[in-house]
1. Quick one: would you say A218 is under 16 Å from A21 (Cβ atoms), among the hydrophobic types (A, V, I, L, M, F, W, C) and out of contact with any His (no Cβ under 8 Å at 6 or more places or on another chain)?
2. What is the residue count in region 3-42 for residues that are surrounded by fewer than 19 Cβ atoms within 10 Å (Cβ to Cβ), out of contact with any strand residue (DSSP E or B) (no Cβ under 8 Å at 6 or more places or on another chain) and either at pLDDT 95 or above or not in a loop (DSSP other than H, G, I, E, B) (or both)?
3. So, in region 205-224, of the ones that are surrounded by fewer than 18 Cβ atoms within 10 Å (Cβ to Cβ) and farther than 26 Å from A160 by Cβ, which residue ends up modelled with the lowest pLDDT?
4. Could you tell me whether region 39-56 includes any residue that is farther than 22 Å from G12 by Cα, of a type in the set (G, A, S) and in contact (Cβ under 8 Å) with a residue 12 or more places away in the chain?
5. Please find, among N227, N239, N175, the residue that is surrounded by 14 or more Cβ atoms within 10 Å (Cβ to Cβ) and not aromatic (F, W, Y).
6. Residues that are over 22 Å from I248 (Cβ atoms), hydroxyl-bearing (S, T, Y) and more than 20 Å from the chain's Cα centre (by Cα): does region 56-69 have at least one?
7. Filter region 70-88 down to the residues that are touching a residue at least 40 places away in the same chain (Cβ under 8 Å), of a type outside the set (S, T, N, Q) and surrounded by fewer than 16 Cβ atoms within 10 Å (Cβ to Cβ) and list them by number.
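The values are calculated or read from the model by the stated rules, or taken from the named source; none is laboratory data. These numbers come from a predicted model, not from an experiment. In this analysis, Cβ positions are derived from the backbone assuming ideal geometry, glycine residues included, and neighbour counts consider all displayed protein chains.
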Amino acid sequence: MKIITIQNGKGGIGKTTTAWALATGLPRKYPEYKALAIDFEPSGNLTYLMDGDFINSPTMYHVFNGDVDIRAAIQHTSQGHVIAGNSSLTKIDKLFSGADYLKGISAMKRELEKLAGEYTHIFIDNVPLVGSIQTLQSTTSAHDLVIPMHADALTLQGLANLREGLLDIRQLNPNLNIAGILLVKHHQTVNERKYSDVIREWAGEMGTKVFNTHIREAIDLQTVQGNRENLYAATPDANPTMDYLAFIDEYLGKGYYYGQS
């Protein structure tokens with residue numbers, strides 16, 4: 001079972017879309033894999049995209065608090081398996097305050113270990129707050145870190161925040177592999193190529209890479225998400241659909257990628 005945390009120090013740059021596309025696309029393309037999505041954001045956006053109940057269902061907060069077993073928190077939806085996110089997640093910091101803080105950081109890891117053998121991949125969508133207890137819980141439990149981002153100046157600030165937080169992350173999880181940076185909503189403009197060069201430089205300093213696959217933008221994607229449809233069934237020929245399928249292959253090391261380096 002491989003746990004993948006999807007993070008960036010800035011919001012609105014494709015973390016949730018990437019978690020959704022990977023959690024639904026991996027088992028669709030490779031039925032031998034079984035994926036679980038964990039919505040670790042109070043907004044519940046990933047749960048919405050997964051066609052789940054983000055209002056009344058238990059979240060990881062309820063699992064941590066002992067209200068439900070982790071298996072009881074898993075929803076089996078039309079799009080796959082998901083543990084919901086909602087406003088209850090904002091209470092995690094109070095749940096593990098004071099003397100319980102260190103115990104809280106490892107809480108996600110302890111719970112996910114119970115699912116070993118049931119899933120091959122777990123994808124965690126995170127809040128854009130580097131250093132928050134939720135971010136630390138996620139990175140402590142993970143094997144791989146995938147960083148979605150745009151090639152622009154504002155998103156570079158989010159990467160800078162994440163880069164600064166890596167020292168603390170490494171102390172908690174020295175075996176965490178920074179799998180790479182995924183460029184999303186990418187158009188290959190002159191300006192984006194300029195920032196892509198900076199991102200590659202920073203990736204080298206972080207001991208990682210920029211994935212060869214780039215995720216292009218399409219208006220169809222917003223429609224599919226608004227309708228809570230499956231990306232791969234609704235728009236199989238759309239650019240983001242093909243790009244995410246290609247990225248799945250690149251991430252798995254299957255040797256194929258779409259896009260320009």
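1. In short, yes.
2. 5
3. I219
4. no
5. Within the list N227, N239, N175, the selection yields N239.
6. Yes; the residues of region 56-69 include at least one that is over 22 Å from I248 (Cβ atoms), hydroxyl-bearing (S, T, Y) and more than 20 Å from the chain's Cα centre (by Cα).
7. If the condition is that a residue be touching a residue at least 40 places away in the same chain (Cβ under 8 Å), of a type outside the set (S, T, N, Q) and surrounded by fewer than 16 Cβ atoms within 10 Å (Cβ to Cβ), then R71 is the only one that fits.
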